[in-house]
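Undergrad: Quick one: this structure, given as structure tokens, is what I'll be asking you about.
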Amino acid sequence: MSFRLAAYAVCIEGGRVLLARHMPPKGESNWTLPGGRVEHAEDPFDTVIREVAEETGCDAVVERLLGADSRVIPAAERAIPGGPEHQNVGIFYQARITGGRLRPEPNGEIAESVWTPIPDVARLRRSSLVDIGLALAQTLPPTGHVAAVPVGGLIQH
């Protein structure tokens, strides 16, 4: 089994959420939250600030920890044919943009970042990370853990 620890920013302002359009080398683009892999010996708190800057061009501050999500992707459902089962653990933070200017990720897979009205999110081709982050931000469970959110699930507002 492969494993990935990642940190994601849920930036909500004026009824909009900051989303990043991921353009993988192969396959279709989809919308996701700014964030990514925690590097060796890096604190996830620092990761989310770094990833927002790298992917969007903006400076961010973490306001609070929202929670964590752990999911296992069976080998048959992975984008990499013949790859092993994969576990992704995501740590979600509520963050606020404090400066900078939205731009594509230089030499990266984020083609653009946009402030998206939350009611419009349900119509987008998106990663389940978006639904998980919004669920955590809107109805924070006392444990900081959100039940599994199906891919393409609707967020009600």
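The values are calculated or read from the model by the stated rules, or taken from the named source; none is laboratory data. Model, not experiment: these values are computed from the prediction. Backbone-built Cβ (ideal geometry, glycine too); neighbour counts: all protein chains shown. Accessible surface is based on the protein model in full, side chains and every heavy atom, while ligands, DNA and RNA are left aside. Shrake-Rupley method; radii C 1.70, N 1.55, O 1.52, S 1.80 Å.
Undergrad: Scan the range 18-30 for residues that are at pLDDT 95 or above and open to solvent by 40 Å² or more (accessible area, probe 1.4 Å) and jot them down.
TA: Passing the criteria: R21, H22.
Undergrad: Tell me the residue from A41, A95 that is of a type in the set (A, V, I, L, M), exposed (fewer than 15 other Cβ atoms within 10 Å of the Cβ) and either without any contact (Cβ under 8 Å) to a residue 60 or more places away in the chain or touching a strand residue (DSSP E or B) at 6+ places or on another chain (Cβ under 8 Å) (or both), please.
TA: Numbers: A95 fails: exposed (fewer than 15 other Cβ atoms within 10 Å of the Cβ).
Of the residues listed, the single one that is of a type in the set (A, V, I, L, M), exposed (fewer than 15 other Cβ atoms within 10 Å of the Cβ) and either without any contact (Cβ under 8 Å) to a residue 60 or more places away in the chain or touching a strand residue (DSSP E or B) at 6+ places or on another chain (Cβ under 8 Å) (or both) is A41.
Undergrad: Oh, and also: Among the residues of the range 86-140, how many are more than 18 Å from E28 (Cβ to Cβ), among the basic types (K, R) and within 15 Å of the chain's Cα centre (by Cα)?
TA: 1
Undergrad: Looking only at the range 15-41, how many residues end up being in a strand (DSSP E or B) and within 13 Å of the chain's Cα centre (by Cα)?
TA: Residues that pass the stated criteria total 12.
Undergrad: Moving on. Quick one: is R125 closer than 17 Å to G35 by Cβ and surrounded by fewer than 17 Cβ atoms within 10 Å (Cβ to Cβ)?
TA: no
Undergrad: For E112, indicate whether it is at pLDDT 95 or above and open to solvent by 50 Å² or more (accessible area, probe 1.4 Å).
TA: So E112 passes the test.
Undergrad: Go through the range 5-17 and give me each residue that's touching a Phe, Trp or Tyr at 6+ places or on another chain (Cβ under 9 Å) and open to solvent by 40 Å² or more (accessible area, probe 1.4 Å).
TA: Of everything in the range 5-17, those that are touching a Phe, Trp or Tyr at 6+ places or on another chain (Cβ under 9 Å) and open to solvent by 40 Å² or more (accessible area, probe 1.4 Å) turn out to be E13, G14, R16.
Undergrad: Scan (1) of a type in the set (S, T, N, Q); (2) closer than 24 Å to Q138 by Cβ; (3) loosely packed, with under 14 Cβ neighbours inside 10 Å for the single condition N107 breaks and write down its number.
TA: For N107, the failing item is (2).
Undergrad: Right, something else. What single numbered condition from (1) farther than 19 Å from A6 by Cβ; (2) touching a residue at least 60 places away in the same chain (Cβ under 8 Å); (3) outside any strand (DSSP E or B) fails to hold for G82?
TA: Of (1) farther than 19 Å from A6 by Cβ; (2) touching a residue at least 60 places away in the same chain (Cβ under 8 Å); (3) outside any strand (DSSP E or B), only one is false for G82: (2).
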